[in-house]
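Have a look at the structure below before the remarks.
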Amino acid sequence: MAVSAIFGARVKRREDPRMITGQGRYTDDIKLSGMVYAMFLRSPYAHAKIVSINVEKARKVPGVIAVYTGKDLENKLGPVPCAWAIPNADLKVPKYMPLAVDRVRYVGDPVAVVVAESPYVARDALEQIEVEYERLPAVVNQEEAVKPEAPQLYDDVPNNIAFHWSISGGDVEKAFAEAEVVIKQRIINNRLQPTAIETRGAVAQYNQATGELTVWMTSQNPHIHRLLLAGIVGVPEHKLRVVAPDVGGGFGSKIHCYGGEAVVAFLAKELGRPVKWMEDRRENYLATIHGRDHIQYVELAAKRDGTILGLRVKAYANLGAYLSTASPGIPTILLGTMLSGCYKIPAISCEVYGVLTNTAPVDAYRGAGRPEASFIVERMVDILAHELGMDPAEVRRKNFIPPDAFPYTVATGLQYDSGNYEAALNKALELVGYQQLREEQKRLREQGRLIGIGISSYVEICGLGPSRVVRATGFGLGLWESAVVRVHPTGKVTVYTGGHPHGQGEETTFAQIVAEELGVPFEDVEVVHGDTAMIPFGTGTYGSRTTPVAGGAIAIACRRIKEKAKKIAAYLLEASEEDIEFERGKFYVKDAPERAKTIAEIALSSYLAGEGELPAGMEPGLESTAFYDPENFTFPFGTHVCVVEVDPETGEVHVKRYVAVDDCGRQINPMIVEGQVQGGVVQGMAQALWEEAVYDKDGNLLTATLSDYAVPTSADVPRIETSSTETPSPHNPLGVKGVGETGTIAATQAVVNAVVDALAHLGVRHIDPPLKAETVWRILKEKGIAK
């Protein structure tokens, strides 16, 4: 697996020219003859009964084609499914209709849809719909929602508890009984609003002659959306085509199945005209899923020398008003199983209450459960170090799983594939100049300056991944991936992948895989994705799975092509197959390298298929279909170090340096790896310092515009210094692990640890994010520092 000129090269992304020149084609760019426009009327109340809806005035607005309410569609559309039925958790899945029928349960819940000749007419008609509501008490906080006197969202979900899930490994009671020190901390993981540049939307067209329905939509997994939409709309799966064109960011929010897209598909079929709907930003913030939002009670047992003995977690996860596609599995499977972090923690227990509230549904957002787990572990390690008066780096070193222990099974049952955690830590500390920083911190504190250094050592579960395992967790499908690799008669190559890159750069990295495997020029490889009519069934892009799993399928297909090509080469060269060697796109006879055939020549011969061109009985053509179901997950890891200075007068946090050392196994394209890390770090940093979805007590989203929700810009973040170590995955066909979420998983606690470290000498032990200037200023004022 030596790195060649193309595998491991810093090749410029081939996607970029069309994006930066305005030639990308997004869902909103789809324009069809006779197209009409849909707009949704959404509830202004977080909790209310729908007494009546009068749509007659709206129907009379010139240019309006149709108006439908939830009652109109109740028997024409099925419910929106929840696809992760976690076992042994008393899971209750309330009915989730595309349009609310009798009751609304969050501000933004859709109650009616208008179709008109223009989006402006549709919006005007919405104002003519008269809805009589009977307001009900609302609850937005998950701890309040489980109290006996709390408003109940559903009659059949007592105390608003959708599930109670638990996991444990090792003797937790013994660990705490033998502990010399026990750390307890309540931690809030703040709610976030995914803010892709492109909002959600769909365009649907129905062909009455063939009965075929085509939906262009903002999707991270078009085949999954086809499967789920077929069930909701009642269209046979083979008659439904889903096309995901260029996608302007997803971050998890475009994995899920929503009612809006199903309604648009229904409208196109019902009206016989193409229908388009695109969210505006406020609608996106109100109705597209949110992320995170946990309240966690954490206990850590340890010895006085820093050895960690056990960890106990009790978490309340806010799920919003309905169970979204994957929401039960995010705060359970993807959090609870990863609570060992990088460490040898012999005993772990975790219980999670999934709670329904009068807020937008909560589901996977970049990292999805893993950031929450990593935040718990890394905050508790830092608190332990402070309690013991030890250097946080030394506590980590003392508890790291050693490199010779892999594959290593942690207390929660996962088997980590490979790792060298101390090497990543050492490299990060060396790059940042850790010892010198500690000395400088001490000197500057004497001058009244507040300097903090935060360390975050993380490991994440990626390459989702093994179907038997994920199906055992209740996930709705296996998580294999598919690829068709076709070598054309001229030697050019087309790859059809079930993955759906949307910013990760796989149109480039997949071409690099094929160029490496087949020895063809990088420029001769075309990558096709996103259209269910063209690609094999695949499960999509999320969970840092596209490169390890979809890339693995592509590599396997290429290797099968080489096996067939070798047989053809032996036939053409009149040599034994055992004597044929392959190198850089050429098959040659071992002891006579001048006797050779290029893969292009072999491809042509396979299509000509005549006497002397193809062995008798061999199928013509040169292509392969592969379905790769990995034997295990992959486990990328690394250490990030953040250096901050806190303004003692204003509480403002200035990030002075940020160093990220990540190990994602073999790197196909280091430039793309760096870009993924940097983007993820900014999102994690944003959670630590600025971003927070805020509801008032009545369920109104106070951060429903970009004027209120603080998304960072390039002016707000420092240069992110990136480096890496390389520990290949032993079971992946390419040795790769995935890198799309590493930055987000590592960064939040790196920043929080740094800020708390800056204030530790004042007696500050923990601050819940986001660490906005006002929050920090109030702490400084309480400590007598700020005025």
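The values are calculated or read from the model by the stated rules, or taken from the named source; none is laboratory data. Only a predicted model underlies this, so the values are computations on that prediction, with no experimental measurement involved. When we count neighbours, we look across all protein chains shown, and the Cβ atoms used for this are built from the backbone with ideal geometry, even at glycine. We work out accessible area using only protein heavy atoms, side chains counted, and drop any ligands, DNA or RNA first. Shrake-Rupley method; radii C 1.70, N 1.55, O 1.52, S 1.80 Å.
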In the stretch 11-134 the accessible area split gives carbon plus sulfur, as whole percent at 1.4 Å, a share of 48
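Hydropathy first: keep DSSP H helices in the chain averaging at least -0.5 on Kyte-Doolittle, then drop any whose Cα extent along the axis falls short of 20 Å, and list what survives. Before the final figure, lay out the partial values.
On the way: long enough: 370-388 (27 Å, 0.25); 551-573 (32 Å, 0.38); 670-689 (28 Å, 0.59); 742-759 (27 Å, 1.17).
Long hydrophobic helices here: 370-388, 551-573, 670-689, 742-759.
May I ask you to rank CYS642, CYS82 by accessible area, largest first, using a 1.4 Å probe over the protein chains only? Could you put the intermediate results ahead of the total?
Values: CYS642 0, CYS82 35 Å².
Descending accessible area places them as CYS82, CYS642.
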Please work out how much length the chain gains when fully extended from THR490 to SER118, using 0.36 nm per residue of separation minus the C-alpha to C-alpha distance, in nm with one decimal. 129.2 nm
What does the accessible area of ASP72 come to, in Å² to the nearest 10, when a probe of 1.4 Å is used? 60
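Taking a probe of 1.4 Å, how large is the accessible area per residue of the chain, in Å²? Working shown, then result.
Working: 28970 Å² over 787 residues.
For the chain, the solvent-accessible area averages 37 Å² per residue.
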Students often get this wrong: which residues of the stretch 344-365 have the backbone nitrogen under 18 Å from the point 7 angstrom along Cα-to-C-beta of ASP404? 344
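Can you give the extra length, in nm with one decimal, that the chain gains between GLU563 and HIS761 once fully stretched, where that is 0.36 nm per residue apart less the Cα-Cα distance?
Details: separation 198, 0.36 × 198 = 71.28 nm, distance 6.50 nm.
Once the chain is fully extended between GLU563 and HIS761, it gains 64.8 nm.
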Using label points projected 7 Å from each Cα along Cα→Cβ, tell me how many nm separate LEU477 and GLU149, to one decimal. 4.7
In Å², nearest 10: area of LYS772 left accessible to a 1.4 Å probe: 80
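In the structure displayed, which of LYS92/LYS697; LYS314/LYS427; LYS442/LYS787; LYS492/LYS590 lie more than 29 Å apart, Cα to Cα? Before the final figure, lay out each step's value.
Numbers: LYS92/LYS697 25 Å; LYS314/LYS427 34 Å; LYS442/LYS787 23 Å; LYS492/LYS590 26 Å.
From the list (LYS92/LYS697; LYS314/LYS427; LYS442/LYS787; LYS492/LYS590), the Cα-Cα distance tops 29 Å for LYS314/LYS427.
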So ARG445 and GLU430, fully extended at 0.36 nm per residue minus their Cα-Cα distance, gain in nm 3.1 nm
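At a 1.4 Å probe radius, carbon and sulfur cover how many percent of the accessible area of the stretch 291-338?
Values: 440 of 850 Å².
Carbon and sulfur together cover 52 percent of it.
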Per-peptide average of other Cβ atoms within 10 Å, ordering 700-709, 221-230, 6-15 highest first: 221-230, 6-15, 700-709
Could you give each residue of the stretch 133-150 its phi-based ³J(HN,Hα) in whole Hz, using Karplus coefficients 6.51, -1.76, 1.60 with θ = phi - 60°, and x for Gly or Pro? 10, 10, 5, 10, x, 10, 9, 10, 9, 5, 5, 5, 5, 8, 6, x, 8, 6
On the accessible surface of the stretch 480-628, probed at 1.4 Å, how many percent belong to carbon and sulfur atoms? 49
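Checking the a/c ratio against 1.5 first, then a/b against b/c, what shape does the Cα gyration tensor give for the chain? Don't skip to the end; give the middle numbers.
Values: a/c = 1.86, a/b = 1.09, b/c = 1.71.
Note, shape of the chain comes out oblate.
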Report the label-to-label distance for LEU706 and LYS49 in nanometres (one decimal), using points 7 Å from each Cα along the Cα→Cβ vector. 4.2
Accessible surface of LYS781 in the full protein assembly, 1.4 angstrom probe, to the nearest 10 Å²? 110
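Per DSSP H run of n ≥ 4, the term is -39500 (n - 2.57); total these for the chain, divide by its residue number, and report the mean residue ellipticity at 222 nm rounded to 500 deg cm²/dmol.
Helices in the chain give a 222 nm mean residue ellipticity of -8000 deg cm²/dmol.
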Modelling each spin label as a point 7 Å along the Cα-to-Cβ direction, I'd like the SER714/ARG281 distance in nm, to one decimal. 1.9
Sort out for me the Cα centre separation of the stretch 251-294 from the stretch 98-141, rounded to whole Å. 14
Paramagnetic reach from ALA592 (point 7 Å along Cα→Cβ, amide N under 16 Å) across the stretch 539-580: 569-580
In whole Å, what is the distance between the alpha-carbon centres of the stretch 397-447 and the stretch 351-377? 26
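For ASP124, ASP155, give me the order by solvent-accessible area with a 1.4 Å probe, most accessible first, ignoring ligands, DNA and RNA.
Numbers: ASP124 90, ASP155 150 Å².
Largest to smallest exposure gives the sequence ASP155, ASP124.
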Give me, ordered by chain and number, the residues 5 or more places off TYR695 or on other chains with an amide H under 5 Å from its own placed amide H. LEU702
Label zone at GLU774 (point 7 Å along Cα-to-Cβ), backbone N below 15 Å, the stretch 710-753: 710
With the contact rule set at Cα under 8 Å and sequence spacing of 6 or more, what percent relative contact order holds for the stretch 1-130? 39
If you rank PHE475, PHE163 by how much accessible surface each has, with a 1.4 Å probe, what is the order from largest down? PHE475, PHE163
